[in-house]
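Inspection log for the structure reproduced underneath, given as structure tokens.
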């Protein structure tokens, strides 16, 4: 690939109403779980049918690689049946299927301070980008890393609201798609997933739009959030399993949900099969844990701004948040058709800025993919250790996050 370019989500939102992590875009649902279904793991399948029959239920499909099953129940009876099933010695656990929500010479490359700002800071005012000379160098040194590797086809799964079929800067880099939502098209009509995919692997040096941190990576598009930006723990667990089955080296989850034993099982299975998992820490401006980021086998990511300090909205806590990455007013791809985030807060079709630890998570996932591609002998454990140990120890390290703000150049051991 040419290098002309070298010369040349719970308080902050993609705009003013769409929460990036942990809060639905529209009004909060009456209950924080999917109506009409629960997740159950049995201690012995031989007694499962009998236990369910007593409650007028039938055994449902297994959820991904976990031992849990998705059970259809009468709407409004979810918690009552969970309580009853958990009293049975034949049931390991029964739990709600919690809602998952979003956490948000290339033409616009100069606006991508997260990749390279050379001491310039970029701020967003009323939807525009300003440049201030001589400020903090707050980028992840992606351009320097490209001297050594640009990704080499490393597969990154983006488990989100889908990746648009009509943005030429990211669509050609999608090598597989799967839809785990009900009654939705496979396209991204919400916008969040397309934005995250662009941060990972938008094509560089094509005179169009932006460049991803890992521009020669490929994308596995797992649509686990519907066109309102909402999914479920079971759909996410199925998406994680699909990603690993399709060769994902890195799985990005720019979303949040309550703790779930089923989801944790899916995460652990993916880790044990050799994938690096990355997730947003949340946009609450507090230390409250959200999942899957808070699971031990997931890299939890906080957000920094163009002054290389913690974004005011970012969830934090060195006890469980691992690293940080830029997440304020970061430019990336959006669908070229109508999409919810554009309708709600004026995001432009094609390209625009986004905010949130969702963005930060995607940048870290891409950095992990670069680290994979730079080391033929890499493993998931070595890649995670490299990403964390080579992060820049900026202000907030040791208090807001454990290791620092990621540095792609350091992660691939490049020579400056």
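Summary of values
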item	result
Span from the region 138-194 Cα centroid across to the region 285-307 one, whole angstrom	21
Cα-based shape type of region 164-265, given that a ≥ b ≥ c are square roots of the gyration tensor eigenvalues and the cut on a/c is 1.5	prolate
Sequence ranges 222-233, 153-164, ranked by mean other-Cβ count within 10 angstrom, highest first	153-164, 222-233
Spin-label model distance (nm) - residue 385 vs residue 245, 7 Å beyond Cα toward Cβ	3.2
Cβ-based exposure ranking for 242, 372, in which fewest neighbours within 10 Å come first	242, 372
Residue 307/residue 272 FRET efficiency (R0 45 Å; Cβ-Cβ; nearest 0.05)	0.70
Where labels lie 7 Å past Cα in the beta-carbon direction, separation of residue 348 and residue 413 in nm	4.1
Difference of contour (0.36 nm per residue) and Cα-Cα distance, residue 375 to residue 399	5.6 nm
For peptides 326-335, 68-77, sequence by mean Cβ density within 10 Å, most packed first	326-335, 68-77
Residue order, fewest to most surrounding Cβ atoms within 10 angstrom, among 82, 219, 290	82, 290, 219
Reduced Cα scattering model of region 310-416, Debye log10 I(q)/I(0), q = 0.13, 0.17, 0.22, 0.24 Å⁻¹	-0.56, -0.84, -1.09, -1.19
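Just so you know, all these numbers are worked out from the coordinates, no wet-lab data involved. Being a predicted model, the structure only gives us computed values, none of them experimental. Backbone-built Cβ (ideal geometry, glycine too); neighbour counts: all protein chains shown.
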